[in-house]
Amino acid sequence: MTVSAIPNDNGTEITIKITGRFDFSSHQEFRQIYENAAPDIQGYTIDMSEATYLDSSALGMLLLLRDHAGGDNSDIRIVNCNEDVRKILSISNFGQLFRIE
Amino acid sequence: MSSASLTILIADDNNTDRRILSAIVQQEGHKVVEATNGEEALERFNESVPDIILMDALMPKMNGFEASRLIKQRAGNQLVPIIFLTSLQDASSLANCLESGGDDFMSKPYNRVILKAKINAFGRMRRMHDQLQSHNRQMLLEQQVAKTVFDNVAHSGCLALPNLRHSLSPLAVFNGDTVLAERKPDGGISLFLGDFTGHGLPAAIGAMPVAEIFYGMTQKGFAMEDVLREINAKLYTILPTEVFCCGAMVDLDVTNKMARIWVGGVPSVYLYRGDSGAVEKVASSNLPLGVLPSRRFSPQPNDYRMHNGDRVFLWSDGIVESHNEAGELFGEERLDALFTHATDPDRIFDDILVAVDQFIGGSRPDDDTTLLSATMVDLDVIGLPLLHSNKASIGGPMDWQMNLQLGPQSLGAFNPLPLVLNILTEVEGLRSLSGHLYTVLAELFNNALEHGVLGLDSKLKQDSQGFAQYYQLREQRLADLTSGQVCLDISHRPLGNGGELTFEITDSGPGFAHSHQDLAYLTDNPDYSGRGLALVRRLCDELDFNDAGNRVRATLCWPRPAWSELHLNG
């Protein structure tokens with residue numbers, strides 16, 4: 001799997017795009033992306049359009065990002081989920097913590 | 001790194017070549033063992049366990065290729081680097097050296113510098129391999145110890161009851177899976193299935209506090225919500241952010257025939273109806289445990305009526321997500337089909353395991369097929385629990401009385417039963433009766449609260465729709481409660497070679513005298529709401545209500561006959 005980050009024009013938001021299986025093997029890569037992002041990022045978008053699957057480690061990584069982004073005050077959208085990914089997010093009720101669109 | 005002395009086996013049928021090579025190697029400080037053909041090489045290998053082998057490809061009796069194959073076979077997990085020495089030059093012969101188990105090759109005549117360098121490089125590789133092997137052995141040893149400790153903590157429950165089935169692979173704990181079951185003091189059963197994120201020790205470690213809390217609180221009679229709240233708070237505090245526990249919890253009330261179900265992050269719990277074969281799915285509607293801080297965690301289980309023979313199935317995502325060699329998932333449809341086509345409910349559990357096993361075929365499952373099921377039965381099938389206490393005090397208080405008055409706020413927010421039970425079991429002679437006591441206390445207290453203070457009509461519980469409505473109303477009225485109270489007067493006195501315990505429970509309601517038909521109803525329809533009261537009557541020596549019907553008095557003397565002598569169905 002690969003993770004890539006695209007900042008928006010004014011640098012306040014960032015889109016993180018996941019490709020392939022989102023699982024434990026991407027831990028390091030995913031973490032580096034948000035830790036290396038500019039400090040004034042206010043909004044995060046996780047683009048799942050190319051993600052085929054996520055496991056529970058991936059859910060853990062999303063929680064780490066949420067903590068990094070300010071916990072309850074964080075603004076994280078998860079977009080373009082396929083059916084499998086959406087199902088895993090909904091079983092875990094992550095809709096209570098993230099904006100799933 | 002070049003200085004470590006190695007034992008090197010040199011196999012070459014050419015005496016000159018072998019001696020030259022031997023001299024070079026010895027000059028580097030290594031010990032040499034010589035062989036003149038493949039057979040000898042094999043024998044020397046068995047005797048002297050060399051670190052590296054220099055093997056001529058073409059030799060009489062047994063050539064180097066065959067000898068390498070046999071040596072590699074015998075070496076098993078040990079890394080024994082074999083460097084082929086060959087005058088062959090064509091690519092396919094050189095490839096053959098590697099395919100028959102060789103790790104490298106050198107063409108004759110030897111370049112002394114390269115030979116030294118290769119021996120040193122393979123020496124390093126071998127040491128690294130040894131280190132890895134030893135770490136791996138150490139890890140397996142640690143896992144074994146961890147697993148023993150975990151088994152002692154986690155498997156102290158009642159998973160062996162005849163109405164429970166479970167499947168958990170021996171090392172599933174290192175996949176983060178855990179299955180727990182414990183009796184409640186009222187005779188019911190509490191079940192928990194958990195699936196921690198991640199693998200290995202980090203996933204296993206959280207299961208310990210979960211098991212401790214689950215067993216400790218369930219035995220003491222705490223409600224499911226309290227147990228879940230405690231587990232969540234503990235996991236939230238001790239686990240790193242990215243580790244949490246997906247889980248499901250089910251309380252089976254075998255007396256009142258209901259199941260309370262909470263699902264957070266694992267696939268839907270299935271409720272299988274024994275008579276119709278229908279399946280109701282209870283979907284996950286909560287975040288997993290250990291994600292939310294206590295102040296935001298509010299478990300909301302749902303209640304379901306369960307007739308004898310109805311079953312619940314709990315599982316981790318290992319079942320639906322197990323995949324075959326083609327990468328296809330087992331999926332919910334296949335699972336549902338097993339239920340639809342089931343002819344014998346007793347076989348469903350095994351059918352699932354067999355179907356998943358057949359489906360994955362040769363491919364190894366990513367996760368474990370962890371599965372837990374329970375069947376609703378009558379209390380006499382499983383008996384009342386023997387809850388052992390570790391306290392060692394002898395005798396305890398014998399002559400005492402206490403009074404506890406609970407106002408509207410306390411009634412809404414506090415379950416007094418564990419506290420009271422804790423006090424009662426300070427009396428040595430009552431300790432083994434905690435199951436009896438809890439049943440009596442819970443039944444009478446809930447009657448006082450639900451019918452007395454909250455004015456709920458037990459007739460509502462006649463059908464399953466009303467049943468749900470009843471518990472919804474209960475919750476709502478409890479939340480809106482501004483007046484009313486329940487008083488518990490409890491006293492104990494020594495009597496003969498034992499003692500006598502008296503409960504008096506008074507509620508602020510008008511009493512059920514206003515509806516004597518209620519009482520008649522209870523007696524006529526024990527299947528719905530009277531079970532509890534009928535059971536209490538059998539467990540006590542005396543049970544009577546005041547005229548108004550808002551005060552009940554129950555007396556229990558001990559020592560008591562064993563549960564089996566109480567003739568449950570009498």
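The values are calculated or read from the model by the stated rules, or taken from the named source; none is laboratory data. Because the structure is predicted, anything quoted here is derived from the model rather than measured. All Cβ positions, glycine included, derive from the backbone under ideal geometry; neighbour counts span all protein chains shown.
One table, with the values for the structure above:
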read-out	value
Residue count, segment B:151-176 (criterion: closer than 30 Å to B:Leu379 by Cα and not hydroxyl-bearing (Ser, Thr, Tyr))	16
Residue in segment B:317-327 that is modelled with pLDDT of 95 or more and surrounded by 14 or more Cβ atoms within 10 Å (Cβ to Cβ) present	no
Output for segment A:54-101, where each listed residue is more than 10 Å from chain B (Cβ to nearest Cβ) and either part of a helix (DSSP H, G or I) or in contact with a Pro (Cβ under 6 Å, 6 or more places away or on another chain) (or both)	A:Asn73, A:Glu83, A:Val85, A:Arg86, A:Leu89
Options B:Asn415, B:Asn447; residue that is of a type outside the set (A, V, I, L, M) and not in a helix (DSSP H, G or I)	B:Asn415
One residue from A:Ser49, A:Ser26 being assigned to a helix (DSSP H, G or I), touching a strand residue (DSSP E or B) at 6+ places or on another chain (Cβ under 9 Å), touching a residue at least 12 places away in the same chain (Cβ under 8 Å) and of a type outside the set (D, E, K, R)	A:Ser26
Counted residues, segment B:38-88 - those being β-branched (Val, Ile, Thr) and part of a loop (DSSP other than H, G, I, E, B)	2
Tally of residues being farther than 18 Å from B:Leu353 by Cβ and either of a type in the set (D, E, K, R) or outside the structural domain of B:Trp315 (by TED's automatic domain parsing) (or both) across segment B:159-200	4
Contacts under 7 angstrom Cβ, first residue in segment B:248-270 being without any contact (Cβ under 8 Å) to a residue 24 or more places away in the chain, partner among the charged types (D, E, K, R), 6 or more apart	B:Ser268/B:Lys281
Every pair of residues 6+ apart whose Cβ atoms lie under 9 Å, when the first sits in segment B:29-52 and is more than 18 Å from B:Gly101 (Cα to Cα) and in contact (Cβ under 8 Å) with a residue 12 or more places away in the chain while the second is polar (S, T, N, Q) and in a strand (DSSP E or B)	B:His30/B:Thr7; B:Lys31/B:Thr7; B:Val32/B:Thr7; B:Val33/B:Thr7; B:Ser48/B:Thr7
Qualifying positions in segment B:175-200 - at pLDDT below 80 and either surrounded by fewer than 20 Cβ atoms within 10 Å (Cβ to Cβ) or closer than 16 Å to B:Pro288 by Cα (or both)	B:Gly198, B:His199, B:Gly200
Set B:Pro365, B:Pro385: member being modelled with pLDDT under 85, outside any strand (DSSP E or B) and within 14 Å of chain A (Cβ to nearest Cβ)	B:Pro365
Segment B:156-209 - residue that is in a helix (DSSP H, G or I) and touching a residue at least 40 places away in the same chain (Cβ under 8 Å) and, of those, farthest from the other protein chains (Cβ to nearest Cβ)	B:Met208
Options B:Leu115, B:Leu141; residue that is surrounded by 14 or more Cβ atoms within 10 Å (Cβ to Cβ) and in a helix (DSSP H, G or I)	B:Leu115
Hits in segment B:276-322 - residues which are more than 14 Å from every other protein chain (Cβ to nearest Cβ), assigned to a loop (DSSP other than H, G, I, E, B) and in contact with a Lys or Arg (Cβ under 7 Å, 6 or more places away or on another chain)	B:Pro301, B:Met306, B:His307, B:Asp310
Segment B:88-112, subset of a type in the set (Gly, Ala, Ser) and buried (at least 16 other Cβ atoms within 10 Å of the Cβ), residue farthest from B:Glu66 (Cα to Cα)	B:Ser93
Verdict on A:Gln32 being assigned to a helix (DSSP H, G or I), without any contact (Cβ under 8 Å) to a residue 24 or more places away in the chain, more than 20 Å from B:Cys246 (Cβ to Cβ) and more than 14 Å from chain B (Cβ to nearest Cβ)	yes
Looking only at segment B:153-174, and only at residues there that are closer than 23 Å to B:Val243 by Cα and more than 9 Å from the chain's Cα centre (by Cα), the one that is surrounded by the fewest Cβ atoms within 10 Å (Cβ to Cβ)	B:Pro170
Odd one out for A:Gln32 among (1) surrounded by 14 or more Cβ atoms within 10 Å (Cβ to Cβ); (2) polar (S, T, N, Q); (3) farther than 24 Å from B:Val266 by Cα	(1)
Residue list for segment B:233-261, filter: under 16 Å from the mean Cα position of the chain (by Cα) and not in a loop (DSSP other than H, G, I, E, B)	B:Leu235, B:Cys245, B:Cys246, B:Gly247, B:Ala248, B:Met249, B:Val250, B:Asp251
Test for B:Gly455: is it surrounded by fewer than 18 Cβ atoms within 10 Å (Cβ to Cβ) and more than 39 Å from the chain's Cα centre (by Cα)	yes
Candidate set: segment B:238-258, residues that are more than 26 Å from A:Lys87 (Cα to Cα) and at pLDDT 95 or above; chosen: the one nearest to the other protein chains (Cβ to nearest Cβ)	B:Asp251
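Every residue, every condition in (1) under 14 Å from the mean Cα position of the chain (by Cα); (2) farther than 26 Å from B:Ser285 by Cβ, yes or no:
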{"site": "A:Asn8", "(1), (2)": "no, yes"}
{"site": "A:Asp55", "(1), (2)": "yes, no"}
{"site": "A:His68", "(1), (2)": "yes, yes"}
{"site": "A:Gly95", "(1), (2)": "yes, no"}
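Okay, residues lined up against (1) crowded, with 18+ Cβ neighbours inside 10 Å; (2) out of contact with any strand residue (DSSP E or B) (no Cβ under 7 Å at 6 or more places or on another chain):
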| position | (1), (2) |
| --- | --- |
| B:Arg44 | yes, no |
| B:Pro50 | yes, no |
| B:Pro60 | no, yes |
| B:Phe65 | yes, yes |
| B:Gln73 | no, yes |
| B:Gln78 | no, yes |
| B:Ile82 | yes, no |
